[in-house]
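Enquirer: Just dropping this structure here.
The values are calculated or read from the model by the stated rules, or taken from the named source; none is laboratory data. Model, not experiment: these values are computed from the prediction. Cβ placement follows ideal geometry from the backbone for every residue including glycine, while neighbour counts extend to all protein chains displayed.
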Amino acid sequence: MKRGFTLIEMIVVMAIGAVVITATTVNLLGGQRRVAKLSGVEQLVADIRTAQVKTMMGAGAGVIDLAAVDLDNNLTVSSSYPDNTITLTPISGETEAGTVTLTDDTDGTVKTLYINVYGVVTQVD
């Protein structure tokens, strides 16, 4: 009796392996996009806080140009603020309440940051 695998058995095993690897890769890429969006939100919140602290200390200009925020290439920033610019009041760091929206150009998902009059991000949807 011969021992070993036939060519058909080897091809079937390789096909099953290819399907498993493909499914895993697709899931990992989806997770990577979600992480990029979340890190974009965190980066934007950190930039707003940094600018606010600098303004309150008198060391900053008190203006956050959202178009200049360095985010992932697939994220687009828009806001309810005129010219996509958040203006902070010196010393207090206050601003007008508004929203900043991050849109993922690859899948169209949207994250919205709500900013109150004190310049604090109160909610992210």
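Enquirer: From the set of residues in the range 95-125 that are small (Gly, Ala, Ser) and surrounded by 12 or more Cβ atoms within 10 Å (Cβ to Cβ), which is farthest from the chain's Cα centre (by Cα)?
Expert: Filtering the range 95-125 for residues that are small (Gly, Ala, Ser) and surrounded by 12 or more Cβ atoms within 10 Å (Cβ to Cβ), the one farthest from the chain's Cα centre (by Cα) comes out as Ala97.
Enquirer: On the basis of being modelled with pLDDT of 85 or more, in a helix (DSSP H, G or I), of a type outside the set (A, V, I, L, M) and farther than 30 Å from Val117 by Cα, does Gly31 make the cut?
Expert: In short, no.
Enquirer: Next up: Which of (1) in contact with a strand residue (DSSP E or B) (Cβ under 6 Å, 6 or more places away or on another chain); (2) over 29 Å from Arg33 (Cα atoms); (3) of a type outside the set (D, E, K, R) is the odd one out, the single condition Met57 does not satisfy?
Expert: Against the list (1) in contact with a strand residue (DSSP E or B) (Cβ under 6 Å, 6 or more places away or on another chain); (2) over 29 Å from Arg33 (Cα atoms); (3) of a type outside the set (D, E, K, R), Met57 comes up short only on (1).
Enquirer: Ok, one more. Looking only at the range 41-80, filter to residues that are polar (S, T, N, Q) and more than 14 Å from Leu102 (Cβ to Cβ); which one of those is nearest to the chain's Cα centre (by Cα)?
Expert: Looking at residues that are polar (S, T, N, Q) and more than 14 Å from Leu102 (Cβ to Cβ), I get Thr50.
Enquirer: Can you find, within the range 95-109, the residue that is farthest from Asp65 (Cα to Cα) among those that are out of contact with any helix residue (DSSP H, G or I) (no Cβ under 9 Å at 6 or more places or on another chain) and in contact (Cβ under 8 Å) with a residue 12 or more places away in the chain?
Expert: Asp105
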